[in-house]
1. Are any of the pairs 30/111; 36/114; 36/65 more than 30 Å apart by Cα-Cα distance, and if so, which?
2. List the relative contact order of segment 22-91 as a percent without decimals, with contacts defined as Cα pairs under 8 Å and 6+ residues apart.
3. Assuming R0 = 35 Å, what is the FRET efficiency of residue 116 and residue 77, from their Cβ-Cβ distance, to the nearest 0.05?
4. Can you give the Kirkwood hydrodynamic radius of segment 63-118 from its Cα pairs, in Å with one decimal?
Amino acid sequence: MIDKILKIDDVEGKVYELENWKPTNAVQVKQYFEEKAIELKNEYTRLLQEFNINKIIFDSKMNFKPVIGKKYYLYRDKNDVNFMSLIAPEEWKDNTVLSYIGCYKQDSVQKWIKVEKH
């Protein structure tokens with residue numbers, strides 16, 4: 001456990017002990033760090049999800065060069081092969097052999113992002 005809470009004054013480079021601050025504000029500081037840890041965990045989870053879908057898309061079959069900002073559709077075929085298509089799910093004549101995964105587009109850094117409504 002920390003016995004003393006220190007504050008560094010960045011402008012002058014001096015270090016001050018803040019003993020009087022600890023008893024009254026320790027609860028708020030603990031709560032702040034707990035909430036921050038939860039935020040970081042949620043952000044990490046979101047980042048992993050983004051990474052995983054991007055890996056799936058980049059590993060999938062793609063017979064075209066994607067255009068940034070244009071919508072594409074991710075499917076899995078009967079052989080469990082993922083592929084990107086220009087064709088929306090409702091445009092397929094027979095889609096019983098395909099499993100629709102989602103609609104995606106690339107942002108300005110070519111990261112794939114989910115499009116909620118296609």
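Coordinate-derived values only; no laboratory data. As the structure is a computational prediction, the values presented were derived from the model and not from experiment. Here the Cβ is made from the backbone with ideal geometry for all residues, glycine too, and neighbour counts use every protein chain on show.
1. Details: 30/111 36 Å; 36/114 26 Å; 36/65 40 Å.
From 30/111; 36/114; 36/65, over 30 Å: 30/111; 36/65.
2. Values: 41 pairs, mean separation 16.2, N = 70.
Contact order relative to length: 23 percent.
3. Values: r = 24 Å, r/R0 = 0.68.
Computed FRET efficiency for residue 116 and residue 77: 0.90.
4. Details: mean 1/r = 0.0849 Å⁻¹.
After inverting the mean inverse Cα-Cα distance, the result is 11.8 Å.
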